1. Give segment 208-227 a look and list any residue that's assigned to a loop (DSSP other than H, G, I, E, B) and either buried (at least 18 other Cβ atoms within 10 Å of the Cβ) or at pLDDT below 85 (or both), or say none.
2. Can you find, within segment 241-261, the residue that is modelled with the highest pLDDT among those that are closer than 30 Å to residue 67 by Cβ and in a loop (DSSP other than H, G, I, E, B)?
3. In contact with a strand residue (DSSP E or B) (Cβ under 9 Å, 6 or more places away or on another chain), in contact (Cβ under 8 Å) with a residue 24 or more places away in the chain, within 30 Å of residue 163 (Cα to Cα) and outside any strand (DSSP E or B): does that describe residue 202?
4. Given the structure, is residue 160 touching a strand residue (DSSP E or B) at 6+ places or on another chain (Cβ under 9 Å) and in a helix (DSSP H, G or I)?
5. Among residues belonging to segment 262-279 that are farther than 20 Å from residue 70 by Cβ and within 20 Å of the chain's Cα centre (by Cα), point out the one that is surrounded by the fewest Cβ atoms within 10 Å (Cβ to Cβ).
6. Take segment 55-83 and flag every residue that is surrounded by 15 or more Cβ atoms within 10 Å (Cβ to Cβ) and assigned to a loop (DSSP other than H, G, I, E, B).
7. Any residue in segment 85-113 that is on the phi > 0 side of the Ramachandran plot sitting within a Cβ distance under 9 Å of a residue that is in a strand (DSSP E or B) and modelled with pLDDT of 95 or more? List the pairs, counting only those 6 or more apart or interchain.
């Protein structure tokens, strides 16, 4: 649930982390700059279509006193779907330091290959191709509506300029307007969050996002879940191959009541690594994900991970 909220906000806004002052030169004009940013905003799933990568999730639960329990760690390889708009294939390779058995991985690979063959057969039907095209177009329209909701929901103010990892960024605050009228479900969630954004001055891209819930967030009219005030999330991107800004790290901590009964207090991180261009014909070996600063590696084998031939798509 928290990842859904983070991804929604990241796909529609840009918010940031602390860095050093960049320079004393004049800031760009706000509205022309935001127009460029708006033109570059794009959901991460669209950005990641041509890439395979690894992501490492670390999750920790807290008791009512805020004391952390044990940390659960899962390492997953992620590959593009069979076609644009199709779901990615996520392949869990390690949990809590234990490698998934090769026989289990091979079984999943075989299942995926059969799915690829079935998808290729389905695409021979012109009506099916037309249906998939319509679905992609609808998904794109909905994504643009969520992006438009950012500018309906937030009052955006320019705060200054800072350097983050060598990139000059423009810092802006995001304050929800009291009478905002978003048109999407995700836009309704945005109204409960305030934030701050660091935007690449040269690329007009998101560098990092920090948000905090200033009001409770209800999921399913509060019957499914209710996320409490004080929930925090942070998301950063990095430039890959000198051209594309892709997810680097997400952090979150929330307190939520599920089905009006069960209270859940959880925090965690998601670290993305090993990005590389990928097609459905690629044979590849994924090495160890880079550990987060100050955390032990959960994948000790390095680049000798087994090579896996991916199923051929249409």
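1. Hits for segment 208-227 are 220, 221, 222, 223, 224.
2. Top of the filtered list is 261.
3. Yes; evaluated as a whole, the condition is true for this residue.
4. It is false that residue 160 is touching a strand residue (DSSP E or B) at 6+ places or on another chain (Cβ under 9 Å) and in a helix (DSSP H, G or I).
5. 277
6. If the condition is that a residue be surrounded by 15 or more Cβ atoms within 10 Å (Cβ to Cβ) and assigned to a loop (DSSP other than H, G, I, E, B), then 80, 81, 82, 83 are the ones that fit.
7. 96/72; 96/73; 96/74; 97/73
The values are calculated or read from the model by the stated rules, or taken from the named source; none is laboratory data. Note that the coordinates shown come from a computational prediction; the quantities given were computed from them, not determined experimentally. Neighbour counts run over all protein chains shown; Cβ positions are idealised from the backbone, glycine included.
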